[in-house]
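Asks: Following this message is one structure expressed as structure tokens.
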Amino acid sequence: MPGLIGKKVGMTNIYDETGKSVACTLVEAGPCIVTQVKNEDSDGYRAVQLAFDDKKEKKTSKAEKGHYAKADSIPKKCQVEFRDFRSEFDQKIALGKEINITDVFQENDFVDVVGTTKGKGFQGVVKRYNFAGVGQATHGQHNRLRAPGSIGAASFPSRVFKGMKMAGRMGGDRKKILNLRVMKIYPEKNLILISGSIPGAKSSYVILEK
């Protein structure tokens, strides 16, 4: 498999083989169910759809129930499609098959993690873009400490250029962190320990790509 769906548990730290403390993120990865297999003949491209985390039937539509019934699976909360994976994974793909951590990852592998960052709401330029503010609180500048400063000239060009860094909605964006190392795997608990931080709040869904 080219990847797995997981849920962020939280952060901790461990000591590596050199005795150095490494900040790590604990992720509950899988088991995932193969709910659909696409091929070039019928769909125009190769892909596999994985589903993760059980869902109550009363919150599931009839169309979703039928989709999961084909894979002989109970409804799931999260579905992700992995496209254009390497041919070496073809042997591990079958409709309704359960995919575990050890089927995809091993310790010391490097993974890419995709998640949705924490939403911060409407924020000013100091928090959003690390602006320093206009300057001192003296010389009449009693309310300029966190202000953006000038946003353009006056008579020419008489407008604000597109892309100007200004206050606005911050967070809630899809982000990918590359080349994080798998420090430890706990297959009996479906847990994987990844070096560094990953996007998202606790209990948010993440995608682990190999």
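Asks: Go from 0 up to the bin containing the longest alpha carbon distance in the range 3-59, width 5 Å each, and give me the % of pairs per bin.
Replies: 4, 14, 14, 13, 14, 12, 11, 8, 6, 3, 1
Asks: Ranked highest first by the average count of other Cβ atoms within 10 Å around their residues, in what order do 17-25, 30-38, 109-117, 175-183 fall?
Replies: Descending packing order for the listed peptides: 30-38, 109-117, 175-183, 17-25.
Asks: At 1.4 Å probe radius, can you tell me the per residue accessible area of the range 1-149 in Å²?
Replies: 60 Å²
Asks: Continuing with this model, one more query. For the range 1-118, divide the Cα radius of gyration by the Kirkwood radius and give the resulting Rg/Rh value with two decimals.
Replies: 1.03
Asks: Which three numbers, in whole Å and largest first, are the semi-axes of the equivalent ellipsoid of the range 25-89 derived from its Cα gyration tensor as √(5λ)?
Replies: Sorted largest first and rounded, they come to 22, 18, 8 Å.
Asks: Related question: Exceeding 18 Å between C-alpha atoms, which entries from my cross-link table qualify? They are LYS8/LYS38; LYS56/LYS176; LYS8/LYS176; LYS8/LYS175.
Replies: Exceeds cut-off: LYS8/LYS38; LYS56/LYS176.
Asks: With a cut-off of 8 Å between alpha carbons and a minimum separation of six or more residues, what is the relative contact order of the chain in percent?
Replies: Across the chain, relative contact order equals 30 percent.
Asks: If amide H atoms are built 1.01 Å from N in the plane of the peptide, which residues on other chains or at least 5 residues away come under 5 Å of the amide H of SER204?
Replies: Correct list: LYS8.
Asks: Using a simple charge model, +1 on the beta-carbon of Lys and Arg, -1 on the beta-carbon of Asp and Glu, nothing else, what dipole does the chain show about its Cα centre, in debye to the nearest 20?
Replies: So the dipole magnitude of the chain works out to roughly 1500 debye.
Asks: If you build the Cα gyration tensor of the chain and take the root of 5 times each eigenvalue, what three semi-axes come out, in whole angstrom, biggest first?
Replies: Result for the chain: semi-axes of 43, 24, 17 Å.
Asks: Hey, can you rank 196-203, 161-168, 65-72 by average C-beta count inside 10 Å, highest first?
Replies: Going by the mean number of other Cβ atoms within 10 Å, highest first, we get 196-203, 65-72, 161-168.
The values are calculated or read from the model by the stated rules, or taken from the named source; none is laboratory data. In this text the structure is predicted, and so the values were computed from the model without any measurement. Quick reminder, even Gly has a Cβ in these numbers, built from the backbone with ideal geometry, and neighbours come from all protein chains shown. Just the protein is used for accessible areas: all its heavy atoms, side chains included, with ligands, DNA and RNA removed. Shrake-Rupley method; radii C 1.70, N 1.55, O 1.52, S 1.80 Å.
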